[in-house]
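Novice: Encoded as structure tokens, here's the structure I'll be asking about.
The values are calculated or read from the model by the stated rules, or taken from the named source; none is laboratory data. These numbers come from a predicted model, not from an experiment. Positions of Cβ are backbone-derived with ideal geometry, glycine not excepted, and every protein chain shown enters the neighbour counts. The accessibility values were calculated without ligands, DNA or RNA, using every heavy atom of the protein model including side chains. Shrake-Rupley method; radii C 1.70, N 1.55, O 1.52, S 1.80 Å.
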Amino acid sequence: MADIPFDKHYESTLAIARDPYRFISLRSKEVGSDVFTTRILLQKHICMIGRDAAELFYDETRFQRQGAAPSRIVKTLFGRGGVQTLDDEEHKQRKRLFTSLITPESVVPLGERLRLELRSAAMRWAEKPEVVLYQELQEVITRAVCSWAGVPLAESETKQRASELMALFDKAGSMGPPHWWARLARKRADRWIAGMIEQIRRRELQPPEGSAAHVMAFARDPKGAFLTPHVAAVELINVLRPTVAVSVFITFAALALHEHPEVRIKVAGGDPAYLEAFAQEVRRFYPFFPMTGALVRRDFQWKGLEFKKGMTALLDLYGTDHDPRLWDQPNLFRPERFLRAQPDLFSFIPQGGGDSHVTHRCPGEPISVELLKVSAEFLTREIKFAAPAQDLRIDMSRLPALPRSRFRMANLSVVHPAAVGS
């Protein structure tokens, strides 16, 4: 047996901060191994990339999530007590709440709500000389997902709640004041939803049975007791917040349609299979999560390498989705690749790997795909707009990565005004 190869660089904190999406793949090539160790904040971390590494990483007998996420991420992105920090049967039981709510069939009504909100927004956008798509999407998606989830949302509070939900993912990886805002946003969102959970339990609010609000309000822990209002709120926010985060994917979809006119024509053609392939290629090609972390659960050996209990492991999601051993010409945007045989659950991992019913793969993938399809149809068939001169380079140093201009649209007009509000 051998020790895991060590990265020759003494400290990698600044390097990973400068390029979080490509750090592991670039260093992996330097080291000549899919698994290597490096120092981050002076602590040794295991870095992993590739299909086999992903399958290993999602083996819960060897890795655990409890204690793996940095405190700053738990206190903003995940929320204390959330499903992302659980293991074993407790994780599986909590995960079933999400997988029962979020299926390809159940998210169709959410897509239709988004379609109506986009049509309504388009009428407002048409009155402005220019709009920034990423910013506009926050309120649009917040309205749609709150309606679908059974969460009451007054028009007067929409901007505030959208801003808070956005901060949980858009500012979580920031430093200084932006991160402090994310912390404050988490406190406000937790308080908002926990209060609503208590109202539901007192029957003062009655969301539709089977809605996310209803399910989380009456969810129970492994001992049969209701989840605390705080934890129930965290899990309901774990439906709302990732859905609003699909605004990142939709902004990249607009970029793809702008930079690939031939793809835009095919999407506008309305072929459901191509639309699905387009949504999946957006998720593969563009940066979303750079990596995910876990702790080595026990000493073990794998491919001649020794893994030591307690070490933090980081799996490269973006790098695996661009691995030339898994993807033909991975740095080209080609939706057609998804018209062929579908990749397995450890090769295509934009939102985690493995079976989402049992691993820590995100159960919200059906939401991402459905909202991407609805948005692509809207952008190609229901509105016309110009993309003025702007900086569309992707800022790969920020989390999440985004086009620097956030995709600006000008001279927007509604193509089918009769359909708006129908």
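Novice: Can you pull the one-decimal nm distance between simple spin-label points at residue 223 and residue 298, each 7 Å off the Cα toward Cβ?
Specialist: In this crude label model, residue 223 to residue 298 measures out at 2.7 nm.
Novice: For the range 70-188, give the magnitude of the charge dipole about the Cα centre (Cβ charges: +1 Lys/Arg, -1 Asp/Glu; no others), in debye to the nearest 20.
Specialist: Working: 20 positive and 15 negative charges, 80 e Å.
My answer is approximately 380 debye.
Novice: Which entries in 128/187; 75/95; 75/309 show an alpha-carbon gap greater than 23 Å?
Specialist: Violating the 23 Å limit, Cα to Cα: 128/187; 75/309.
Novice: Going toward the positive end of the dipole of the chain, with +1 on Lys and Arg Cβ and -1 on Asp and Glu Cβ, which of 400, 84, 163 do you reach last?
Specialist: Final value for the positive-end residue is 163.
Novice: Just the C-alpha atoms of the range 230-327: what Rg/Rh do they give, with Rh taken as the Kirkwood radius?
Specialist: Ratio of gyration radius to Kirkwood radius: 1.12.
Novice: What is the distance, in nm, between label points placed 7 Å from the Cα along the Cα-to-Cβ direction at residue 415 and at residue 336?
Specialist: 2.3 nm
Novice: From the residues 225, 367, 255, which one has its Cα farthest along the dipole of the chain in the positive direction, the dipole being from +1 and -1 charges on Cβ of Lys/Arg and Asp/Glu about the Cα centre?
Specialist: Of 225, 367, 255, it is 225.
Novice: Could I ask something else about it? Compare 301, 280, 84 in a GNM of the chain, Cα atoms joined below 10 Å, and give the one with the largest fluctuation.
Specialist: 301
Novice: What percent do you get for the relative contact order of the range 25-67 when only Cα pairs under 8 Å and 6+ apart count?
Specialist: After rounding, I find 26 percent.
Novice: Another one. With +1 assigned to the C-beta of every Lys and Arg and -1 to the C-beta of every Asp and Glu, and no other charges, what is the dipole magnitude of the chain about the Cα centre in debye, to the nearest 20?
Specialist: In total the dipole reaches around 1000 debye.
Novice: How far apart, in nanometres, would the label points at residue 72 and residue 159 be if each is projected 7 angstrom from Cα along the Cα-to-Cβ direction?
Specialist: Once both label points are built, they end up 3.0 nm from each other.
Novice: So, one more: In the range 275-382, carbon and sulfur make up what percent of the accessible area (probe 1.4 Å)?
Specialist: 53 percent
Novice: Could I ask something else about it? Only one of the values (1) 1.07; (2) 0.98; (3) 0.93 was calculated from this structure for Cα Rg over 2.2 N^0.38 Å; name its label.
Specialist: (2)
Novice: Counting only residues 5 or more places away or on other chains, whose amide H sits under 5 Å from the amide H of residue 47 once H atoms are built in the peptide plane?
Specialist: Amide H to amide H, under 5 Å and 5 or more residues apart or across chains, residue 47 pairs with 36, 37, 38, 314.
Novice: Further question on the same structure: Could you state the orientation-averaged shadow area of the convex hull built on the Cα atoms of the range 168-244, in nm² to one decimal?
Specialist: 5.7 nm²
Novice: With a 1.4 Å probe and all protein chains left in place, how much accessible area per residue does the range 7-134 have, in Å²?
Specialist: Per-residue accessible area for the range 7-134 comes out at 47 Å².
Novice: Considering only DSSP states other than H, G, I, E and B, which chymotrypsin sites (Phe, Trp or Tyr not before Pro) in the range 1-93 qualify as loop sites with at most 11 other Cβ atoms within 10 Å?
Specialist: When the chymotrypsin sites (Phe, Trp or Tyr not before Pro) of the range 1-93 are filtered for loop state and at most 11 Cβ neighbours within 10 Å, 10 remain.
Novice: May I pose another question? Along the Cα-to-C-beta direction of residue 273, a point sits 7 Å from the Cα; which residues of the range 325-363 have their amide N less than 13 Å from that point?
Specialist: Inside the label zone: 336-342.
Novice: Along the charge dipole of the chain, Cβ charges K/R +1 and D/E -1, which of 194, 280, 311 sits furthest on the positive end?
Specialist: Toward the positive end, the furthest listed residue is 194.
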